[in-house]
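Read through the structure below, which is laid out as structure tokens, and then see the notes.
The values are calculated or read from the model by the stated rules, or taken from the named source; none is laboratory data. Just so you know, these numbers come straight off a predicted model, no measurement behind them. Note: ideal-geometry Cβ built from the backbone for every residue, glycine included; neighbour counts use all protein chains shown.
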Amino acid sequence: MSDAPATPSSASDLIQPVGPKAARSDLALRLRANSEYVAIPLLAIAIASALFAVFLIAIGKSPLDFVSYVWRGGFGTAFSFQNTLQRSAPLILTALAVAIPARIGLIMIGGEGALVLGGFAAAALAIPMIGVLPPIVALVLMAIFAMLTGGFWVGIAGFLRYARGVNETISSLLLTYIGIAIMNFFVEGALRDLSNPNKPSTKPLGDAYMVGKIPGTDVHWGFAAGILLCILIYLLLERTTFGFAARVTGGNYRAALAQGLPVGKLIVAFSGIAGACAGLAGFFEVAAIQGRANASLAAGYGFTGILVSFLARHNPLVIPPVAILFGGIVAAGGLVQRRMELPDATVQVLEGFIFVVLLTSETLYGRFSIFKPTASKDRT
Amino acid sequence: MNDAILTVLIAMLGGAIRVSTPFMFVALGECLTEKSGRVNLGLEGTLVLGAMVAYAASYHTGSPWIGVLAAGVAGSALGAMHGSICGLPKVNDVAVGIAMMLFGVGVAFFFGKPYIQPTAPRLDSIPLGFWTDSPSLKGALQVNSLFFVGIVIALVLAWALRNTRWGLVVRTVGDSAPAARAMGISVNLVRLLTTTVGGFLAGVGGAFLSLSYPGSWNQGLSSGQGLMAVALVIFARWSPIRCVYAALLFGAAGAIGPSLQSVGITQGYYFFNAAPYILTLAIMIATSSATHSARDMPGELSMAK
């Protein structure tokens, strides 16, 4: 368990009151210490953007053009911003799939697989229900089934970690490849819709069985579900004994065992919840965007979600804004490609720059005295 | 029916040799890196970037061997990046590996776009099947010279780790960083070098993918081979020789799908494509333990507990 990144979850982990002076300015201290967790990731984004700008100049493209197209394609107009929000929904949910296990000390990167399988499970379950059950019942059942499937899938990685000590990072990524293969197996075989000769897909849900838009917007309900889940998960992690037990386990595995905490159940439960979030993302991709399950489900949201969660320092309340930022970049990808004649992997390169610089910036924590509370200067 | 089984077995033999080569290179590179006590999960990205660079270099220069070298250099660059970042305090090597994986794949796809169409000169194979009349056996024994290079590297690596001063330094750094520091060894420098050399080997593995088998460059070229090779090192218990055996086993698993296809069994193609992943997972389950760390594991390794 000792291989997880250090993620102090709140200021109280860092600063214990050391004397009356500290207690007096507790709030100021918290602000001061917490601002480090905002300033350093922002600095990392700035440095990564600068490096990416140099990269663009080196290949003869203008970084200013890039910024203006990302703005226009992702944020500038009401239409593009709604598109961005739509794209950020799966990012929020797959980021949660990384953030929740991180709390218990696990680096799970199986969100993509849980998304694909969850979406596929929803589409498969829909086939016998279309025209039989009313849409609202069918959609709720599909969402539940998608979450169960995703939860089961990532839960496997959690269970293997606890029961057999299998490295969860590798196993969750392997499960992603297996999950995509399972979907392809069915979509190209038993569950293929033969009336669609172009792309192997399951039977379409049809308009009546699609998730609608949030009234007054062009954004589907997945976005609202993502925000709601972020709040619920935050409360679960920070305000319940269940979340506290998980934090203890993540902080010190042996201590948790010695305390008699049900470590195995906690690990499996947290992995399961994480997978359920990603599975729900798959449900919305199928029931609100694609209308059927096919290979386009594996669009890489699960991988961008990893970056979103790390940037948000695995804090559920910070995930939505970060996800919206990246949703915008992903949404603008097409425009950037066409107008600047850049390959479609441009966004991936930018994400790679940000991810690498962000993790490098981990080394900066505790280096700046400006963030250090004066009363605890002698502490490290 | 017997003929069909024979054909499948021969195709699996040939497939095992062909498919195993990239596994072998990545596993050997990762083996060296992990021997020094660090994990580089980013070798999947290195493999893909190596494949792209090799293809591009071979296309522009007309010499596939320059492509192999270029892939190694590109892989070393990624390895050096990983090695130097992880040398900083408080940086988590597993997380950096994930980032390097996404970075390497992104860069490879970015620069690889113009090379999807054209064909580059490929590495020649050595026809070891000259003694037989069976065309399928002849085909199976078309072995690429990189396969033998890999075996030689495995032998040299195994010997050097056991018998040279350099090998002792790497093993000391991997087993106990404090002991290495007490000996006056720069732990970070040793790990930087092993990660760089590991990246070189993984890059060469990528060159095999694009220049020999499957022998073209596209975005679906590698899907997890680099990652599986990392898992394979755990299975091989950090021994270069066992890495070769493990790579052959994985190669055979990876060859099941295409071999069955060669006799017309296309049912469950995707299922058999998943066979290597399932095998990897099964092996990890079988060889890991919840209570004690794996045998022969370098003591400094943060992964696998």
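Please state which of the following conditions A:ARG367 fails to meet, knowing it meets all the rest: (1) more than 13 Å from chain B (Cβ to nearest Cβ); (2) farther than 18 Å from A:LEU56 by Cβ; (3) without any contact (Cβ under 8 Å) to a residue 12 or more places away in the chain; (4) surrounded by fewer than 17 Cβ atoms within 10 Å (Cβ to Cβ).
(1)
Sort out which residues of region B:263-273 are surrounded by 19 or more Cβ atoms within 10 Å (Cβ to Cβ) and more than 8 Å from chain A (Cβ to nearest Cβ), and write them in order of number.
B:PHE272
Criterion first (more than 10 Å from every other protein chain (Cβ to nearest Cβ), part of a helix (DSSP H, G or I) and without any contact (Cβ under 8 Å) to a residue 12 or more places away in the chain) does A:ALA224 satisfy it? Before the answer, list the steps.
Working: more than 10 Å from every other protein chain (Cβ to nearest Cβ): yes; part of a helix (DSSP H, G or I): yes; without any contact (Cβ under 8 Å) to a residue 12 or more places away in the chain: yes.
In short, yes.
From the list B:SER20, B:SER84, exactly one residue is within 19 Å of the chain's Cα centre (by Cα) and over 23 Å from B:LYS113 (Cβ atoms). Which is it?
B:SER20
Between A:ILE178, A:ILE273, A:ILE214, which is under 30 Å from A:ILE127 (Cβ atoms), β-branched (Val, Ile, Thr) and without any contact (Cβ under 8 Å) to a residue 24 or more places away in the chain? Working first, answer last.
On the way: A:ILE178 fails: without any contact (Cβ under 8 Å) to a residue 24 or more places away in the chain; A:ILE273 fails: without any contact (Cβ under 8 Å) to a residue 24 or more places away in the chain.
Selected residue: A:ILE214, the only one of A:ILE178, A:ILE273, A:ILE214 that is under 30 Å from A:ILE127 (Cβ atoms), β-branched (Val, Ile, Thr) and without any contact (Cβ under 8 Å) to a residue 24 or more places away in the chain.
Look through A:VAL263, A:VAL248, A:VAL219, A:VAL286 and report the one residue that is among the aliphatic types (A, V, I, L, M), within 14 Å of another protein chain (Cβ to nearest Cβ) and at negative phi.
That would be A:VAL263, the only listed residue that is among the aliphatic types (A, V, I, L, M), within 14 Å of another protein chain (Cβ to nearest Cβ) and at negative phi.
Can you find a residue in region B:239-251 that is away from every other protein chain (no Cβ under 11 Å) and over 20 Å from B:ILE17 (Cβ atoms)?
Taking region B:239-251 as the starting set, the residues that turn out to be away from every other protein chain (no Cβ under 11 Å) are B:239-251.
Filter once more, keeping what is over 20 Å from B:ILE17 (Cβ atoms): B:239.
Yes: one or more hits.
If a residue must be farther than 22 Å from A:SER171 by Cα and either of a type in the set (S, T, N, Q) or more than 7 Å from chain A (Cβ to nearest Cβ) (or both), how many such residues does region B:98-114 contain?
4
Just to check your reading of the model, which residue among B:ALA51, B:ALA56 is within 17 Å of B:SER216 (Cβ to Cβ) and surrounded by fewer than 24 Cβ atoms within 10 Å (Cβ to Cβ)?
The match here is B:ALA56.
Picking from B:PRO258, B:PRO276, which residue would you name as being crowded, with 18+ Cβ neighbours inside 10 Å, in contact with a Phe, Trp or Tyr (Cβ under 9 Å, 6 or more places away or on another chain) and more than 10 Å from every other protein chain (Cβ to nearest Cβ)?
Details: B:PRO276 fails: more than 10 Å from every other protein chain (Cβ to nearest Cβ).
When all the criteria are applied, what remains is B:PRO258.
Inside region A:139-187, can you point out the residues that are within 8 Å of another protein chain (Cβ to nearest Cβ), among the aromatic types (Phe, Trp, Tyr), surrounded by fewer than 21 Cβ atoms within 10 Å (Cβ to Cβ) and farther than 16 Å from A:ILE104 by Cα? Before the answer, list the steps.
Keep residues of region A:139-187 that are within 8 Å of another protein chain (Cβ to nearest Cβ), which gives A:160, A:162-167, A:169-171, A:173-175, A:177-178, A:181-182, A:184-185.
Adding the requirement that they be among the aromatic types (Phe, Trp, Tyr) leaves A:162, A:177, A:185.
So of that shortlist, the ones also surrounded by fewer than 21 Cβ atoms within 10 Å (Cβ to Cβ) come out as A:162, A:185.
Correct list: A:PHE185 only.
Only one residue in B:ALA77, B:ALA95 is surrounded by fewer than 24 Cβ atoms within 10 Å (Cβ to Cβ), within 14 Å of another protein chain (Cβ to nearest Cβ) and either assigned to a helix (DSSP H, G or I) or hydrophobic (A, V, I, L, M, F, W, C) (or both), so which one is that?
It is B:ALA77.
Only one of (1) within 30 Å of B:GLN142 (Cα to Cα); (2) surrounded by fewer than 21 Cβ atoms within 10 Å (Cβ to Cβ) is not met by B:GLN225, so which one is it?
(2)
Which pairs have Cβ atoms under 8 Å, sit 6 or more apart or on different chains, and link a residue in region B:158-187 that is in a helix (DSSP H, G or I) to one that is of a type in the set (Asp, Glu)?
B:VAL173/B:GLU300; B:GLY174/B:GLU34; B:GLY174/B:GLU300; B:ASP175/B:GLU300; B:ALA177/B:GLU300
Could you list, in sequence order, all residues of region A:49-92 that are touching a residue at least 60 places away in the same chain (Cβ under 8 Å) and more than 16 Å from A:ALA332 (Cβ to Cβ)?
Answer for region A:49-92, where residues must be touching a residue at least 60 places away in the same chain (Cβ under 8 Å) and more than 16 Å from A:ALA332 (Cβ to Cβ): A:LEU51, A:PHE55, A:ALA89, A:PRO90, A:ILE92.
In this structure, is A:ARG164 modelled with pLDDT under 95 and closer than 24 Å to A:ILE267 by Cα?
In short, yes.
Yes or no, residue by residue, for (1) closer than 30 Å to B:THR196 by Cα; (2) hydrophobic (A, V, I, L, M, F, W, C):
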site: B:ALA99; (1), (2): yes, yes
site: B:PRO114; (1), (2): yes, no
site: B:THR119; (1), (2): yes, no
site: B:GLY129; (1), (2): no, no
site: B:SER136; (1), (2): no, no
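Do we have any residue at all in region B:138-146 that's under 26 Å from B:SER210 (Cβ atoms), surrounded by fewer than 17 Cβ atoms within 10 Å (Cβ to Cβ) and touching a residue at least 40 places away in the same chain (Cβ under 8 Å)? Don't jump to the end; show me each part of the working.
Within region B:138-146, the subset under 26 Å from B:SER210 (Cβ atoms) is B:138-146.
Imposing the further condition that a residue be surrounded by fewer than 17 Cβ atoms within 10 Å (Cβ to Cβ) reduces the set to B:139, B:145.
Pick out the ones that are also touching a residue at least 40 places away in the same chain (Cβ under 8 Å) and you get B:139.
Looking for residues that are under 26 Å from B:SER210 (Cβ atoms), surrounded by fewer than 17 Cβ atoms within 10 Å (Cβ to Cβ) and touching a residue at least 40 places away in the same chain (Cβ under 8 Å), one finds at least one in region B:138-146, hence yes.
Among the numbered criteria (1) within 15 Å of A:MET183 (Cβ to Cβ); (2) touching a Phe, Trp or Tyr at 6+ places or on another chain (Cβ under 8 Å), which single criterion is violated by A:TYR301?
If we test A:TYR301 against (1) within 15 Å of A:MET183 (Cβ to Cβ); (2) touching a Phe, Trp or Tyr at 6+ places or on another chain (Cβ under 8 Å), just (2) comes out false.
If A:VAL166 satisfies all but one of (1) part of a helix (DSSP H, G or I); (2) farther than 15 Å from A:GLY119 by Cβ, what's the number of the condition it fails?
Condition (1) is where A:VAL166 drops out.
Out of curiosity, is B:LEU301 in contact with a Leu (Cβ under 6 Å, 6 or more places away or on another chain), within 24 Å of B:PHE25 (Cα to Cα) and of a type in the set (A, V, I, L, M)?
no
How many residues are more than 11 Å from B:VAL19 (Cα to Cα) and either without any contact (Cβ under 8 Å) to a residue 12 or more places away in the chain or buried (at least 24 other Cβ atoms within 10 Å of the Cβ) (or both) if we restrict to region B:205-221? Talk me through it step by step, then tell me what you get.
First, the residues of region B:205-221 that are more than 11 Å from B:VAL19 (Cα to Cα): B:206-207, B:210-211, B:215-221.
Subsequent filtering for residues that are either without any contact (Cβ under 8 Å) to a residue 12 or more places away in the chain or buried (at least 24 other Cβ atoms within 10 Å of the Cβ) (or both) retains B:206-207, B:210-211, B:217, B:220.
Total meeting the criteria: 6.
Is there a residue in region A:199-206 that is closer than 26 Å to A:GLY305 by Cβ, more than 10 Å from chain B (Cβ to nearest Cβ) and part of a helix (DSSP H, G or I)?
no
Between a residue in region B:222-233 that is closer than 14 Å to B:LEU209 by Cα and more than 7 Å from chain A (Cβ to nearest Cβ) and any residue that is buried (at least 24 other Cβ atoms within 10 Å of the Cβ) and among the hydroxyl-bearing types (Ser, Thr, Tyr), which pairs come within a Cβ distance under 7 Å, given they are 6 or more apart or on different chains?
B:GLY226/B:THR46
Can you pull out the residues in region B:250-273 that are touching a residue at least 60 places away in the same chain (Cβ under 8 Å) and part of a helix (DSSP H, G or I)? Full working, then the answer.
Going residue by residue through region B:250-273, those that are touching a residue at least 60 places away in the same chain (Cβ under 8 Å) are B:250-252, B:254-256, B:258-260, B:262-263.
Residues satisfying the conditions are B:PHE250, B:GLY251, B:ALA252, B:GLY254, B:ALA255, B:ILE256, B:PRO258, B:SER259, B:LEU260, B:SER262.
Within 10 Å of another protein chain (Cβ to nearest Cβ) and not in a helix (DSSP H, G or I): does that describe B:SER293?
yes
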